[in-house]
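The values are calculated or read from the model by the stated rules, or taken from the named source; none is laboratory data. The structure displayed is predicted, hence computed values, not measured ones. FYI the Cβ positions are ideal-geometry reconstructions off the backbone, even for glycines, and counts take in every protein chain you see. We work out accessible area using only protein heavy atoms, side chains counted, and drop any ligands, DNA or RNA first. Shrake-Rupley method; radii C 1.70, N 1.55, O 1.52, S 1.80 Å.
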Amino acid sequence: MIDDKTSEALELGALIELIAGYAQTPAGRKLALGLQPSADRTTVESALAITTEAVDYLRTGARFGIGGIEDPEPALAQLPVEGTALDPHQILILERLISVGLELRDLFRQHDLRERYPNLSRLAERIPDLRRLLSGIRGKILPGGEISDDASPELKAIRREMLDSRTRIHRHLESIMRTESRAVQEELITFRNGRFVIPIRTDSRNLVPGVVHGLSGSGQTTFIEPLAVIEQNNELVRLREQEEFEIARILLSITNSLRANLDAVKAVASAIAEFDIAQAKGRFSIEFKCARPTLSTGSDVFLADARHVLLELALRRSKADVVPISLELDDTHHVLVISGPNAGGKTVVLKTVGLAAVMTQMGLHVAAREARLPVFGQICADIGDQQSIAANLSTFTAHMRNVSEMARAVTPPALVLIDEVGTGTDPDEGSALAVAIVDHFRRTGAITIVTTHYNGLKIWASQAENVRNASVEFDERTLRPTYRLILGIAGASAGLEIARRMDVPASILDSARSLIDQDQLQAGEYLRRLKAAADEQQSLIVALAEEREAAAEKYRSLEEVFAKREAARSAEFDAALSRALEEFKTESDRLIRSLKDRVEAERLRRAAANRAAELRRVSDRLRAQAHKSGTLRQVASPGEPLVTGRAEEMREGDRVRVLSISREGVIETVHGNGFTVLVGPLRYRAEREDVVPVAPARPEAKGSGIQIAAAGADVDSDVPTEINVIGMRSDDARDRVDKFLDAAFLANKESVRIIHGHGKGILRRAIADLLAEHPQVERFALPPPEQGRGGATIAELKK
């Protein structure tokens with residue numbers, strides 16, 4: 001649908017390189033470099049939908065997490081070769097690829113994301129479930145490429161033997177160096193030819209019998225393997241060979257498991273590359289403030305404030321702004337003839353429209369405020385100087401060859417872009433040829449946009465059906481183009497004005513002006529007057545719009561003033577009414593209280609007398625019972641709290657449970673509304689209804705009063721120092737750990753261990769966030785490897 005000449009004219013290669021720069025993986029960049037526009041409407045719609053969802057997803061601040069994936073292609077190309085094993089780095093690349101693929105698969109299986117991003121979710125569904133394969137690989141190769149000790153039991157055993165062997169050799173060599181200290185050049189055990197040796201002074205090497213493995217650069221030191229450790233070194237060499245054999249076996253086993261799932265791994269790589277190109281398109285759209293184009297039918301083309309992204313990028317570097325263009329074509333006007341001065345932006349208009357069409361059919365958003373474009377079956381462009389000495393082509397013949405190929409091949413729906421149509425030959429013939437060429441494409445039904453300086457073509461465009469004129473604006477006061485596209489008006493070339501701006505001598509300009517045909521001068525003058533009239537009309541339209549807006553603003557301000565006054569009157573009335581009601585209520589309450597006070601006072605006096613009498617009777621009865629039983633339990637005097645099973649009867653020394661913190665303690669003091677309770681080393685003030693008794697105070701020896709338990713004695717010895725939250729949801733785990741930390745702090749624990757497992761790291765991050773802001777935590781960190789490393793967190797509590 002687009003040939004190489006059109007791609008070059010529209011600078012498609014530079015656009016694709018720009019998109020590829022946003023890719024985060026080698027596979028995604030390769031896919032981006034292969035982007036081509038599609039003429040299939042369904043394909044274009046699908047690509048645009050994925051780009052739109054990627055933009056929406058990225059604007060939430062989320063990311064796909066595909067950064068840092070290296071190119072899996074070499075590893076995938078080697079896997080089909082039976083008997084070969086991947087190296088550790090290649091396996092790590094595929095492990096990372098599969099892990100990221102599963103994360104994307106799980107991410108877009110969430111209900112809310114599946115509803116919001118259906119196309120990205122369908123893309124994620126293409127990723128096969130390789131959890132079993134990943135679990136068989138993960139952890140066997142360390143990030144640096146070393147094989148983990150836990151990769152197999154055999155490897156772990158071999159390495160344990162190697163460590164023991166090295167330790168024995170070192171001890172033996174250290175003993176020799178101590179014995180023969182005069183012969184030793186330096187107390188240093190080194191490694192030569194795969195064996196442990198010691199440095200001996202060359203003049204004393206006979207003192208240490210053994211195998212010589214070399215001399216130092218100066219020749220003063222001889223590296224000797226003592227005879228006493230030769231067998232031990234031999235054993236270490238044997239173990240090292242076993243280690244290498246076991247590592248080779250492990251790598252081949254992992255490679256075979258990947259080989260058995262080759263198609264699934266390739267599917268993961270393909271899906272991640274698709275996610276990468278989607279996020280690249282999305283980031284490009286956000287960076288250049290692009291809009292999703294609407295796909296239209298027929299000849300409906302609409303661009304509002306469209307920009308040429310490559311020109312905008314170049315102007316950004318020079319801190320300049322690009323001037324956007326707006327245009328509209330439809331079935332009644334599908335041909336546009338653009339005229340105006342040189343360097344006024346005519347060619348930029350052609351390239352902007354062409355690039356917008358290509359971007360749309362590549363699934364990209366368009367750099368515009370709004371865009372509406374059909375899906376073109378062909379996009380043809382003849383822009384720039386195509387002359388070639390090697391091909392024996394002049395500027396004119398090169399243009400004519402391109403136009404000829406376009407005229408024979410074009411079939412609607414098509415977009416035809418021609419710069420300076422008919423130029424490069426006799427002006428009269430060129431003008432006639434230009435009219436004929438544009439008329440041919442008009443009759444084919446192709447959307448056609450051309451630029452010209454020919455007055456004949458401008459006049460034809462003003463009279464022909466389905467054709468409209470447009471011009472790039474030229475400011476005659478500054479003699480500079482404004483790069484603004486004006487529809488409906490042909491533009492003057494302003495060649496003499498531009499020549500004057502370039503400081504061409506006045507004598508040459510006067511001579512040129514005298515040689516211009518009068519008809520041409522009149523036509524140019526007519527276009528200038530037409531432009532001036534259009535400008536005046538536009539100014540009137542703008543002034544009318546401003547007056548309309550001013551009138552609307554004045555009307556809105558009057559409405560606001562009226563609304564404020566009405567609100568003030570309503571508020572004043574409401575306030576007066578409220579005051580009257582409040583005064584009425586106050587007076588009513590006063591009268592009612594004066595009537596009730598007498599009755600209530602008498603009732604309270606009688607109730608108090610009855611209560612006092614009852615308390616005296618109860619107190620006397622309890623004293624009598626205590627005296628009769630001979631117990632040492634103290635009984636409160638009238639007016640003091642009684643020690644029974646209820647909160648209002650508890651006293652100092654009673655063991656109680658504080659409900660709000662679910663902890664046990666001892667009552668230290670009794671207040672009017674509650675107690676001070678010793679909970680571990682802390683004092684806790686509790687309301688009466690927050691406390692339930694556990695046991696009364698223990699009596700001392702005979703004749704003594706109440707004994708209060710020592711603060712914190714065995715109160716919290718049952719609080720554990722470890723909690724396991726594996727399998728919990730983040731919120732539930734946070735609540736459990738929060739309560740656990742409070743209990744441990746009250747129990748005066750120095751540190752606790754929180755087990756959360758490895759998994760995806762979600763639970764670990766939630767626990768870390770809680771610990772970072774918890775008031776009882778001094779610091780926290782991952783434990784050493786022998787205590788779980790990444791599967792747990794150690795938190796030190798404040799004193």
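Using a 1.4 Å probe, what is the accessible area per residue for the range 43-126, in Å²?
Numbers: 3890 Å² over 84 residues.
Computed with neighbouring chains in place, this is 46 Å² per residue.
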For this session: Would you pull out the residues with amide H under 5 Å of Thr482's amide H, same chain only if 5 or more places away, H placed 1.01 Å from N?
Result: Glu473, Phe474, Asp475
Seminar exercise, completed: Given the candidates Ala271, Phe288, Phe245, the one whose Cα lies deepest towards the positive end of the charge dipole of the range 192-297, counting +1 at each Lys or Arg C-beta and -1 at each Asp or Glu C-beta, is Phe288
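Just the accessible area per residue of the range 295-364, please: how many Å² with a 1.4 Å probe?
On the way: 2370 Å² over 70 residues.
About 34 Å² of surface per residue is accessible.
If the viscosity is 1.002 mPa s and the temperature 20 °C, what Stokes-Einstein diffusion coefficient in µm²/s follows for the range 190-326 when Rh is the Kirkwood radius over Cα pairs? Write out the running numbers ahead of the final one.
On the way: Rh = 23.2 Å.
Calculated translational D: 92 µm²/s.
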Exercise. In cubic angstrom, how much convex hull volume per residue do the alpha carbon atoms of the range 1-65 span?
Worked result: 99
Seminar exercise, completed: The percentage of the accessible area of the range 234-285 (probe 1.4 Å, all protein chains present) made up of carbon and sulfur atoms, to the nearest whole number, is 52
Seminar exercise, completed: Of the listed links Lys30/Lys266; Lys289/Lys351; Lys30/Lys346; Lys5/Lys346, those spanning more than 25 angstrom between alpha carbons are Lys30/Lys346
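Set the Förster distance to 25 Å, then compute FRET efficiency between Thr482 and Ala14 from the Cβ-Cβ distance, nearest 0.05. Before the final figure, lay out each step's value.
Details: r = 26 Å, r/R0 = 1.04.
Result of the calculation: an efficiency of 0.45.
Report the net charge of residues surrounding Leu487, where surrounding means a beta-carbon distance below 11 angstrom and charges are Lys +1, Arg +1, Asp -1, Glu -1. Each step should come with its number before you reach the end.
On the way: positive: Arg468, Arg484; negative: Glu328.
Result for the local shell: +1.
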Problem set entry | Whole-Å distance, taken between Cα centres, linking the range 158-200 and the range 64-124 | 47
For this session: Could you give me the radius of gyration and the Dmax of the range 647-691, taking only the C-alpha atoms into account and expressing both in angstrom?
Result: 8.9, 25
Exercise. Any idea what the dipole of the range 1-131 comes to, in debye rounded to 20, about its Cα centre with Lys/Arg Cβ at +1 and Asp/Glu Cβ at -1?
Worked result: 440
Exercise. Residue-wise, which Karplus ³J(HN,Hα) couplings in Hz belong to the range 213-222, taking 6.51 cos²θ - 1.76 cosθ + 1.60, θ = phi - 60°, and x for glycine or proline?
Worked result: 10, x, 10, 6, x, 7, x, 7, 10, 10
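Calculated FRET efficiency, Asp263 and Ala464, Cβ-Cβ r, R0 45 Å, to nearest 0.05?
Details: r = 59 Å, r/R0 = 1.32.
Approximately 0.15, to the nearest 0.05.
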Exercise. Using r as the Cβ-Cβ distance of Ser660 and Lys554, and R0 as 60 Å, what FRET efficiency do you calculate, to the nearest 0.05?
Worked result: 0.45
Exercise. Relative to the Cα centre, what is the charge dipole magnitude of the range 264-360, using +1 at the beta carbon of each Lys and Arg, -1 at the beta carbon of each Asp and Glu, and rounding to the nearest 20 debye?
Worked result: 520
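Placing unit charges on C-beta atoms (Lys and Arg positive, Asp and Glu negative, everything else neutral), compute the dipole magnitude of the range 188-265 about its Cα centre in debye, rounded to 20. Please list the in-between numbers first.
Values: 8 positive and 9 negative charges, 45 e Å.
Around 220 debye, computed over the range 188-265.
Compute the Kirkwood hydrodynamic radius of the range 63-127, taking the inverse of the mean of 1/r over all pairs of distinct Cα atoms, and give it in Å to one decimal.
Evaluated on the range 63-127, it is 13.3 Å.
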For this session: Give the carbon-plus-sulfur fraction of the accessible surface of the range 120-205 in %, rounded to a whole number; probe 1.4 Å, heavy atoms of protein chains only.
Result: 46
Exercise. Label points 7 Å out from Cα along the Cβ direction at His440 and Thr167: separation in nm?
Worked result: 9.2
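Return the ratio Rg/(2.2 N^0.38 Å) for the range 82-161, where Rg is computed over Cα atoms only. Don't skip to the answer; put the middle values down first.
Numbers: Rg = 17.0 Å, N = 80, 2.2 N^0.38 = 11.6 Å.
Cα Rg divided by the expected 2.2 N^0.38 Å: 1.46.
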Problem set entry | Under the Debye formula (equal points on every Cα, no solvent term), log10 I(q)/I(0) of the range 220-285 at q = 0.21, 0.24, 0.27, 0.29 Å⁻¹ | -0.91, -0.97, -1.05, -1.10
For this session: Please work out the ratio of the alpha-carbon Rg of the range 413-479 to 2.2 N^0.38 Å and round it to two decimals.
Result: 1.18
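Can you give me the relative contact order of the range 1-157 as a percent, contacts being Cα pairs under 8 Å and 6 or more apart? Provide the component values of the computation, followed by the final result.
Details: 109 pairs, mean separation 27.1, N = 157.
Once normalised by length, the contact order is 17 percent.
Expressed as a whole percentage, what fraction of the accessible surface of the range 21-103 belongs to carbon and sulfur atoms when a 1.4 Å probe is rolled over the protein heavy atoms? Present the calculation step by step, with values, prior to reporting the outcome.
Values: 2000 of 3740 Å².
Carbon-and-sulfur percentage of accessible area, whole number: 54.
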Exercise. Which ³J(HN,Hα) values, rounded to whole Hz and listed in residue order, are derived for the range 153-165 from phi using the Karplus coefficients 6.51, -1.76 and 1.60 in 6.51 cos²θ - 1.76 cosθ + 1.60 with θ = phi - 60°, glycine and proline given as x?
Worked result: x, 5, 5, 5, 5, 4, 5, 5, 5, 4, 5, 4, 5
For this session: Please calculate how many Å² of accessible area the range 409-467 carries per residue, with a 1.4 Å probe and no DNA, RNA or ligand atoms counted.
Result: 38
For this session: Would you please put 395-403, 776-784, 351-359 in order of how densely packed they are, using the mean number of other Cβ atoms within 10 angstrom per residue and starting with the highest?
Result: 351-359, 395-403, 776-784
Seminar exercise, completed: Arg729 and Ser318 label points (each 7 Å along its Cα→Cβ direction) are spaced in nm at 5.9
For this session: Would you kindly state how much longer the chain becomes between Ile762 and Ile508 on full extension, computed as 0.36 nm times their sequence separation minus their alpha carbon distance, in nm to one decimal?
Result: 83.5 nm
For this session: Output the peptides 97-107, 207-217, 323-333 sorted from most to least packed, where packing is the average of other Cβ atoms within 10 Å over each peptide's residues.
Result: 97-107, 323-333, 207-217
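If eta is 1.567 mPa s and T is 4 °C, what Stokes-Einstein diffusion coefficient results for the range 128-172, Kirkwood Rh from Cα pairs, in µm²/s? Working shown, then result.
Working: Rh = 12.4 Å.
Calculated translational D: 104 µm²/s.
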Problem set entry | Within straight-line cross-link reach of Lys749, lysines at Cα separation under 26 Å, skipping those fewer than 8 residues along the same chain | Lys739, Lys798, Lys799
For this session: Show me 229-240, 16-27 ranked by packing, highest mean number of other Cβ atoms within 10 Å first.
Result: 16-27, 229-240
Seminar exercise, completed: Computed from every Cα-Cα pair in the range 101-225, P(r) in 5 Å bins starting at 0 and rounded to whole percents is 2, 9, 13, 11, 8, 7, 7, 7, 6, 4, 4, 5, 5, 5, 4, 2, 0
